[in-house]
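Peer 1: Shown below is the structure under consideration.
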Amino acid sequence: MKNRADIGIIGGSGLYEFFDKGEWIHVDTDYGKPSDQVFLSNYAGKRVAFLPRHGRGHKIAPHKINYRANIQAFKDLGVGVIIAPTAVGSLQSHIKRGDFVLCDDFVDRTWGRENTFFDKDKVIHISSADCYCDSLRDLALSSCRDIGVNVHPSGVAVVVQGPRFSGAAESRWFTSMGWDVVNMTQYPENVLAREAEICYLNISLVTDYDVGLIGEKGIEAVSFDEVVKVFGENIEKLKKVILGIIDNVPDGYSCDQCHDALKGAGA
Ligand SMILES: [Zn+2]
């Protein structure tokens, strides 16, 4: 049978495997190799593809990820929905460790990343104002509430270049702007999914407070080991939330917001 999938999951820091049953398949794309092989499985009558964003064993730093190959790999498999969990730091004291945030907007602070599929013989200008799928956020919100996790239905992610964490002044600036969480990988994954006309859902798992909040109310500094530890503590909840979403994505799902994203963009 030709390899295909309905739903794709891009696993973040601390999430390198998802299903027990299935098979790893080798995938290559016009944009090179994705971060790892893709794990194909069946769940709730759907074909689900899983790809670890940093590769198994966390080998690829955020600025080195081939985001285009990762999205194209899913596109080639026929994926119409991408569920993309990420570990994030909180920029606001009311967004606490272990909370989930369903981001609906972003600020790009990265540089030098390949961030478009349209850099050859065609000029395309997509809107990135709505690259997070609203329908999927609704499904995710229900699933989070069913599981009983503390969830924020929307949020702005600042995407920094990494691999370093933010400086204190940078972090205080992000907080003062009212932005919610900070991460290193949501961009350009989100806009590439939009260019590929695939629904994109981010589930941000808050692993710690960012450095600008350190010192407030006894908040302590972040280390990568700590990020992975908190992510690990919440991984079972995250998996349940994702399975709940997959359960509730209707068969033959189509989305006006995302599946026609290139309409009117010059395509
Ligand atoms: Zn959508």
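The values are calculated or read from the model by the stated rules, or taken from the named source; none is laboratory data. Just so we're clear, the structure is a prediction, and the values are computed from it rather than from any experiment. Cβ sites come from the backbone with ideal geometry, for glycine too, and all protein chains shown count toward neighbours.
Peer 1: Sort through GLY78, GLY98 and tell me the only one that's more than 25 Å from VAL228 (Cα to Cα), surrounded by fewer than 17 Cβ atoms within 10 Å (Cβ to Cβ) and not polar (S, T, N, Q).
Peer 2: GLY78
Peer 1: Kindly establish whether SER254 is of a type in the set (Ser, Thr, Tyr) and out of contact with any helix residue (DSSP H, G or I) (no Cβ under 9 Å at 6 or more places or on another chain).
Peer 2: Yes.
Peer 1: Which of the residues spanning the range 72-114 are within 22 Å of SER128 (Cα to Cα) and touching a His at 6+ places or on another chain (Cβ under 8 Å)?
Peer 2: If the condition is that a residue be within 22 Å of SER128 (Cα to Cα) and touching a His at 6+ places or on another chain (Cβ under 8 Å), then GLY80, VAL101, LEU102, THR110, GLY112, ARG113 are the ones that fit.
Peer 1: Now for a separate question. Can you list residue pairs whose Cβ atoms sit under 7 Å apart, with the first residue in the range 3-27 being under 20 Å from PHE100 (Cβ atoms) and without any contact (Cβ under 8 Å) to a residue 60 or more places away in the chain and the second being outside any loop (DSSP other than H, G, I, E, B) and not polar (S, T, N, Q)? Count only pairs 6 or more apart in sequence or on different chains.
Peer 2: TYR16/PRO52
Peer 1: Additional query: Here is a list: LYS217, LYS263. Which entry is at pLDDT below 95 and either within 15 Å of the chain's Cα centre (by Cα) or away from the ligand (no atom under 14 Å from the Cβ) (or both)?
Peer 2: Exactly one residue qualifies, and that residue is LYS217.
Peer 1: Could you go through the range 49-56 and let me know if any residue there is aliphatic (A, V, I, L, M), under 22 Å from LEU238 (Cβ atoms) and modelled with pLDDT under 95.
Peer 2: no
Peer 1: Which of the following residues is touching a Pro at 6+ places or on another chain (Cβ under 9 Å), touching a residue at least 40 places away in the same chain (Cβ under 8 Å) and not acidic (Asp, Glu): VAL230, VAL241?
Peer 2: Criteria check complete, one pass: VAL241.
Peer 1: Is it the case that some residue within the range 207-229 is polar (S, T, N, Q), buried (at least 19 other Cβ atoms within 10 Å of the Cβ), closer than 30 Å to LYS59 by Cα and out of contact with any Cys (no Cβ under 7 Å at 6 or more places or on another chain)?
Peer 2: The answer is yes, given that some residue of the range 207-229 is polar (S, T, N, Q), buried (at least 19 other Cβ atoms within 10 Å of the Cβ), closer than 30 Å to LYS59 by Cα and out of contact with any Cys (no Cβ under 7 Å at 6 or more places or on another chain).
Peer 1: Residues that are among the aliphatic types (A, V, I, L, M), within 21 Å of LYS239 (Cβ to Cβ) and under 18 Å from the mean Cα position of the chain (by Cα), at least 1 per element: which strands (runs of 3 or more DSSP E) completely within the range 1-46 meet that?
Peer 2: Qualifying strands (runs of 3 or more DSSP E): 7-11, 38-43.
Peer 1: Restricting the first residue to the range 29-43 and requiring it to be over 16 Å from GLY11 (Cα atoms), which pairs with a second residue that is at pLDDT 95 or above and of a type in the set (A, V, I, L, M) meet a Cβ separation below 6 Å and a spacing of at least six or different chains?
Peer 2: THR29/ALA69; THR29/ALA73; TYR31/ALA69; GLY32/ALA69; LYS33/ALA69; TYR43/ILE246
Peer 1: Among the residues of the range 183-206, which ones are assigned to a strand (DSSP E or B) and either at pLDDT below 95 or more than 14 Å from the ligand (Cβ to nearest atom) (or both)?
Peer 2: Once the filter is applied, which keeps residues that are assigned to a strand (DSSP E or B) and either at pLDDT below 95 or more than 14 Å from the ligand (Cβ to nearest atom) (or both), the range 183-206 yields ASN183, ILE203, SER204, LEU205, VAL206.
Peer 1: Before we move on, is ARG164 surrounded by fewer than 16 Cβ atoms within 10 Å (Cβ to Cβ), more than 13 Å from CYS103 (Cα to Cα) and not polar (S, T, N, Q)?
Peer 2: Yes, satisfied.
Peer 1: Still on this structure, please answer the following. Among the residues in the range 74-95, are any of a type in the set (Lys, Arg) and over 15 Å from ALA5 (Cβ atoms)?
Peer 2: No, that holds for no residue.
Peer 1: For the range 118-133, state whether one or more residues are farther than 13 Å from LEU201 by Cα, in contact with a helix residue (DSSP H, G or I) (Cβ under 6 Å, 6 or more places away or on another chain), more than 16 Å from the ligand (Cβ to nearest atom) and hydrophobic (A, V, I, L, M, F, W, C).
Peer 2: Within the range 118-133, not a single residue is farther than 13 Å from LEU201 by Cα, in contact with a helix residue (DSSP H, G or I) (Cβ under 6 Å, 6 or more places away or on another chain), more than 16 Å from the ligand (Cβ to nearest atom) and hydrophobic (A, V, I, L, M, F, W, C).
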